[in-house]
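Heads up, the thing below is written out as structure tokens.
The values are calculated or read from the model by the stated rules, or taken from the named source; none is laboratory data. These figures come from a predicted structure and were not determined experimentally. Glycine also receives a Cβ, built like all others from the backbone with ideal geometry; neighbour counts cover every protein chain displayed. SASA here: full protein model, heavy atoms, side chains in, ligands and nucleic acids out. Shrake-Rupley method; radii C 1.70, N 1.55, O 1.52, S 1.80 Å.
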Amino acid sequence: MPDLTFRIERLYPFFAALHEAGVTAVCFAGAVQRPRLDPALFDPITAGIVPRLMASLAQGDDATLREVIALFEEDGFSVIGASDLAPALVPQAAFYAGEVQPRDRQDAARAALIAEALGRVDVGQGCVVQQGLCLATETLAGTDAMLAGVAALPAGLRPEAPRGRGLLYKAPKPLQDRRIDLPALGPVTLAQVAQAGLGGIVWEAGGVICLDLPAMQAAAREAGLFLWARQPGEPA
């Protein structure tokens, strides 16, 4: 399997290297960041798609990623989603740790509505809700920054924990192509949720990658947190 690095400005030479190595399908994984393009590095063919790239970048992350998929497909590659390649990474509806109380169910339903609204305007893939109050939403800085912000909130801005500690909710954007940029959770996320004083994590079943779910379950039990893959549309 080739181990290659490339710059967006040299996209078509990268495509050529993949073809030469016999690659016919690609699967996107890992964090996605907006590139800083250097005009001096463009090869002639890649330079020809600059207007397409710039137009998609101006529309938001979803439009940009759909354009990336289109470019790979136009050059003859099949694009495979991580959930198709490794379905075990995308847990289906179930309770994976802890117990969910009625207040948590209500917060999860509220959070799902907020995340859907954020996703429809291509802002983020998650939020934090406690006792019906939205403490934070995910933006360009990502989940880590959102949870750090929640942890730093003054006590006077948060409801009293005994009535419900709140939760992190993650879900794909409603209109996104799920072959790329699925939201992801892992043991580090769980530690940040605990540090933020939340009660657990809820995510859309079948739509979120969980990295090392057994480790997440063990850490959640130790910390007294819940893990719930929630079926979309499930009532509070």
Amide H to amide H under 5 Å from GLN125: which residues, 5+ apart in sequence or cross-chain, H placed 1.01 Å off N in plane? GLU138
Say the dipole of the chain comes from +1 at the beta carbon of Lys and Arg and -1 at that of Asp and Glu; which of CYS127, ALA194, LEU157 then lies farthest toward its positive end? LEU157
So for CYS27, CYS210, what's the accessible-area order with a 1.4 Å probe, most first? CYS27, CYS210
Report D for region 129-236 in µm² per second (integer): Stokes-Einstein, Kirkwood Rh on Cα pairs, 25 °C, 0.890 mPa s. 170
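Using +1 on the beta carbon of Lys and Arg, -1 on that of Asp and Glu, and nothing else charged, what's the dipole of region 1-146 about the Cα centre, debye to 20?
Details: 10 positive and 19 negative charges, 71 e Å.
So the magnitude is around 340 debye.
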How much accessible surface does VAL50 have with a 1.4 Å probe, in Å² rounded to 10? 40
Roughly speaking, what is the stretch gain from GLN231 to ALA191, that is 0.36 nm per residue apart minus the C-alpha to C-alpha distance, in nm to one decimal? 12.0 nm
Considering only protein heavy atoms, what is the solvent-accessible area of ILE209 at a probe of 1.4 Å, reported in Å² to the nearest 10? 30
Using the C-alpha gyration tensor of the chain, what are the square roots of 5 times its eigenvalues, in whole angstrom, with the largest one first? 37, 19, 15
Heavy atoms of THR139 accessible to a 1.4 Å probe, total area in Å² rounded to 10: 70
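Could you sort the peptides 32-38, 10-16 by per-residue average Cβ neighbour count (10 Å cutoff), highest mean leading?
Working: 32-38: 10.7, 10-16: 17.1.
Ranking, from highest mean packing down: 10-16, 32-38.
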Return the whole-Å distance between the Cα centroid of region 13-80 and the Cα centroid of region 169-236. 29
Write down the Å³ per residue value for the convex hull defined by the alpha carbon atoms of region 1-108. 157
In Hz, Karplus ³J(HN,Hα) per residue of region 24-36 (6.51, -1.76, 1.60; θ = phi - 60°; x = Gly, Pro): 10, 9, 10, 10, 8, 8, x, 5, 10, 10, 5, x, 9
What ³J(HN,Hα) values, in whole Hz, does the Karplus curve 6.51 cos²θ - 1.76 cosθ + 1.60 give for region 156-165 when θ = phi - 60°, with x put for Gly and Pro? x, 8, 10, x, 6, 4, x, 8, x, 7
The chain - mean residue ellipticity at 222 nm from DSSP helices (-39,500 (n - 2.57) per run, n ≥ 4, rounded to 500): -11000 deg cm²/dmol
Collect residues whose amide H, placed 1.01 Å from N in the peptide plane, falls under 5 Å from the amide H of VAL79; neighbours closer than 5 in sequence don't count. VAL26
Let me know the shape class of region 63-119, please: from the alpha-carbon gyration tensor, a ≥ b ≥ c as square roots of the eigenvalues, rounded when a/c is under 1.5, otherwise prolate if a/b is greater than b/c, or oblate. oblate
